[in-house]
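Notes for the one structure printed next.
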Amino acid sequence: MDQTRQLIDRLKISPALRRICGWQKVCDIPHELSFLRAFKEFSESGLAETVHENIIKECMGDKIIGHISRDSTSIDAWEKPVKKVKVVKPKRKRGRPRKGEVRKQKPTRFSDVRLGFCFLPLFAVFNNLALA
C-alpha cells in the first residue's frame, strides 16, 4: 500500500511520467484504491509476464544470449600473499668513470645507425616526394 502511495505522489510531481501513463492533469490520476484493484487484477491475470514473454519473442526470437556474472566481493583469508622476487640492480657509481674504466651505455634512439641501418634510401624517397 505504501508503494502505491509513493507511485501516486510521483505521478502528481512528474508531468512526463503522468503523460507516459496516459493522464494529462493531476486531477485525472485515479484514487489509491483504484490502483490497488488494478494491480491485484494484473497480478492475478499474469499480464506482466505475458507482455514480457511476447516482447522477448518479438525482439530476440531464437537468439542465444550470453551473459557472465562476476562477484567482486572481497574474501577474508588467512593465507599470506606470495612475496614478489625483487630484481637487484647493481649500483652504479655516480659521476665520471675513472681512467680505463668502461661502463655499459644505454642504447639511444640513434643506435640503429651504429648497427648498420642506413637512412639514405629514406632521404631519397622524401626528396622525390618533395619534388613531385
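Nothing in this text is a laboratory measurement; each read-out follows from the coordinates by a stated rule. Everything quoted here is computed from the prediction, not taken from an experiment.
Below are the figures for this structure:
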quantity: Those aspartates and glutamates that a straight Cα-Cα span of less than 20 Å connects to K57, excepting residues fewer than 8 apart in one chain; calculated: E49
quantity: Largest to smallest principal axis extent of the C-alpha atoms in the range 2-60, angstrom; calculated: 37, 24, 17
quantity: Residues of type lysines that K25 reaches as a straight line, Cα spacing below 22 Å, ignoring anything fewer than 8 places off in the same chain; calculated: K12
quantity: Translational D in µm²/s for the range 1-117 (Stokes-Einstein at 25 °C, 0.890 mPa s, Kirkwood Rh from C-alpha pairs); calculated: 102
quantity: ³J(HN,Hα), Karplus 6.51/-1.76/1.60, whole Hz, each residue of the range 52-66, x for Gly, Pro; calculated: 4, 4, 5, 5, 5, 4, 5, 7, 9, x, 9, 6, 9, 9, x
quantity: Cα convex hull volume per residue for the range 40-101 (Å³); calculated: 366
quantity: Candidate lysines for bridging to K91, where Cα separation is under 16 Å - those fewer than 8 sequence places away on the same chain excluded; calculated: K104, K106
